[in-house]
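Below is one structure, written out as structure tokens; the observations come after it.
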Amino acid sequence: MPTHLLAALLGGLLLLAGSLQAEPVPLDRVVAVVDDDIIMESELVERTGSIRARMQEQRTQLPPTDVLLEQVLERMIIESIEIQMAEKSGIRVSDNELNDTLANIARQNNMTTETFRETILSEGMSWPALRDQIRRELTVNQLRQRRVAGRIQITDQDVDNFLNSEMAKTNLAPDYRLGHILIAVNDSSSPQVAEETALLVYQKLQQGADFAAMAAQYSSGETALSGGDLGWRKAAQLPTLFADTVLEMKAGEISQPIRSASGYHLIKVLELRGGTEQIVQQTKARHILVKPNEIRSETETRALIDDIYRQLQDDPEQFETLAKTYSDDPGSALQGGSLGWVNPGTMVPEFEQQMQTAAEGAISQPFRTDFGWHILQVEARRSQDMSEEFRRGRARQMLQKRRFDEELDGWLREIRQNAYVEIKL
């Protein structure tokens, strides 16, 4: 980097080291041409000053200034390439999306949006500049999700292989609250006597004896007088001796005696939290949807749904026939309006509320959602164990994230190599 330019940039950094300033110093020099975009020296100084201030606040050791400038410029080049690609792809971040993001940032800092804005201004930062930077970051994230995530394919075999790995067993396992009883082998208790005692305690526990009481009476463990409660443990923090056993157990289950040099151990899973156990309350429902269109006004649509409702009041057995005849939901109409078993959170809020409050067998009055007018009937409800589906979904997400990070690095190198970049330092 030429000495005179470095000196100018250093001078700018001294003025701007406080972070984003309301009035950047106009240096009017192009430091890089990136396809159809340019990066100005003032922009580079401003961004470098912001990063420098952040690193100082975090007490991170700063690299030499020329190295920092080169790193920041390279980051800005990549960002420029991505922003241009996003624009050509029609990716736009609306003001509503931006405002929601800023509101979330404020909430995470226990502030209102207005308080957050006042804080930014009080620290000498530019609110419009911050909004612009957040908008750019959101735009880049959307582009990456579209371009990079689309290159990743996760097969069922990939999921199976991952679920069989030690990493999956650790990361997908819940937290365990364990109860522990140790029947010790010592000078006063032979291995045979200890084993017989352990089997006796196990039998009593299987017959409904209170675990805490059994621990207080029989256990030689340190937590005996606390009912044998070992507290909460991560899967990776479980004692090696009985980790494999516990990972296969459900809440409330008690292990058979486990032998060690110290004696015999009885383990009970008192509670589980987290993990992949998911019991879902499903609803079997059917509906008729009538919505306005080019030839049917809102008034005519409401009149039609009211007429269908009157017919159902006279003869509820007509539901399937009327759904096939009138419903504008092509996915369910051919099935007589059947939606099958529906998981919570699948439908829009208005529909969800009607479905959750409706009595089984009853036919709802017409109600409105963004899709149109509905008549709903709940046919049945059930509790369904979705643990396996949830577990596989979590595994797929973890694989997707891991491969996304790997794929992103390669994709960034590709777009950098394919872009026209002229650095004018």
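The values are calculated or read from the model by the stated rules, or taken from the named source; none is laboratory data. Note that this is a predicted model, so its numbers are computed, not measured. Positions of Cβ are generated from backbone atoms using ideal geometry, with glycine treated the same way; all protein chains shown enter the neighbour counts. Quick note on the areas: whole protein, heavy atoms, side chains included, nothing else; ligands and nucleic acids left out. Shrake-Rupley method; radii C 1.70, N 1.55, O 1.52, S 1.80 Å.
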Could you figure out which of (1) loosely packed, with under 11 Cβ neighbours inside 10 Å; (2) in a helix (DSSP H, G or I); (3) of a type outside the set (S, T, N, Q) isn't true of D66? (1)
If M111 passes every condition in (1) open to solvent by 30 Å² or more (accessible area, probe 1.4 Å); (2) more than 21 Å from L98 (Cα to Cα) but one, which one does it miss? (2)
Residues of the stretch 212-241 satisfying the condition of being out of contact with any Gly (no Cβ under 8 Å at 6 or more places or on another chain), part of a strand (DSSP E or B) and crowded, with 17+ Cβ neighbours inside 10 Å: none
Every residue in the stretch 69-121 that is among the small types (G, A, S) and under 24 Å from L408 (Cα atoms), please. S80, A86, S89, G90
Of the residues that make up the stretch 391-403, is at least one closer than 15 Å to Q281 by Cβ and under 24 Å from the mean Cα position of the chain (by Cα)? no
Considering only the stretch 335-362, how many residues are of a type in the set (A, V, I, L, M, F, W, C) and either closer than 13 Å to L289 by Cβ or in contact with a Phe, Trp or Tyr (Cβ under 7 Å, 6 or more places away or on another chain) (or both)? 4
Restricting attention to the stretch 217-253, and to residues there that are in contact with a helix residue (DSSP H, G or I) (Cβ under 7 Å, 6 or more places away or on another chain) and touching a residue at least 12 places away in the same chain (Cβ under 8 Å), which single residue is farthest from E388 (Cα to Cα)? Y218
Can you give me the number of residues within the stretch 22-54 that are farther than 25 Å from Q84 by Cβ, at pLDDT below 85 and part of a helix (DSSP H, G or I)? 2
Read through the list (1) over 22 Å from K250 (Cβ atoms); (2) open to solvent by less than 70 Å² (accessible area, probe 1.4 Å); (3) without any contact (Cβ under 8 Å) to a residue 40 or more places away in the chain, then give the number of the only condition that E196 fails. (2)
Of residues in the stretch 119-147 being farther than 17 Å from N104 by Cβ and among the acidic types (D, E), the one surrounded by the fewest Cβ atoms within 10 Å (Cβ to Cβ): E123
Per the list (1) surrounded by 12 or more Cβ atoms within 10 Å (Cβ to Cβ); (2) touching a strand residue (DSSP E or B) at 6+ places or on another chain (Cβ under 9 Å), residue check on N186 breaks on (1)
What are the residue pairs meeting all of these: first residue in the stretch 89-103, first residue within 15 Å of Q133 (Cα to Cα) and open to solvent by 80 Å² or more (accessible area, probe 1.4 Å), second residue at pLDDT 90 or above and of a type in the set (S, T, Y), Cβ atoms under 8 Å, and 6 or more apart or on different chains? R92/T139
Restricting attention to the stretch 148-158, and to residues there that are among the β-branched types (V, I, T) and within 19 Å of the chain's Cα centre (by Cα), which single residue is least open to solvent (accessible area, probe 1.4 Å)? V148
Could you tell me which residue of the stretch 359-382 is surrounded by the fewest Cβ atoms within 10 Å (Cβ to Cβ), considering only residues that are among the small types (G, A, S) and touching a residue at least 60 places away in the same chain (Cβ under 8 Å)? A380
Within the set of pairs 6+ apart or on separate chains, which have a first residue in the stretch 407-425 that is over 23 Å from D66 (Cβ atoms), a second that is not in a helix (DSSP H, G or I), and C-beta atoms under 6 Å apart? E407/V148; E407/I152; L408/V148; W411/V148; A419/D35; Y420/D35
Any residue at all in the stretch 231-243 that's of a type outside the set (K, R) and touching an Asp or Glu at 6+ places or on another chain (Cβ under 6 Å)? yes
Cβ contacts < 9 Å: first residue under 15 Å from D370 (Cα atoms), restricted to the stretch 338-353; second residue open to solvent by 70 Å² or more (accessible area, probe 1.4 Å) and at pLDDT 90 or above, any location; separation 6+ or different chain. Result? V348/F371; E350/R368; F351/F371
I'd like to check something: does the stretch 302-322 contain any residue that is more than 16 Å from I363 (Cα to Cα) and within 39 Å of the chain's Cα centre (by Cα)? no
Among helices (runs of 4 or more DSSP H) entirely inside the stretch 317-415, those with 3 or more residues being within 26 Å of Q145 (Cα to Cα) and touching a Pro at 6+ places or on another chain (Cβ under 6 Å) are none
Quickly run through the stretch 249-299 and pick out the residues that are more than 12 Å from Y176 (Cβ to Cβ), open to solvent by less than 40 Å² (accessible area, probe 1.4 Å) and aliphatic (A, V, I, L, M). I254, I258, L266, V280, A285, I288, L289, V290
Here are the criteria: (1) over 31 Å from the mean Cα position of the chain (by Cα); (2) assigned to a helix (DSSP H, G or I). Tell me which single one D244 does not satisfy. (1)
Can you find even one residue in the stretch 63-86 that is at pLDDT below 90 and either in contact with a Lys or Arg (Cβ under 6 Å, 6 or more places away or on another chain) or closer than 17 Å to D132 by Cα (or both)? no
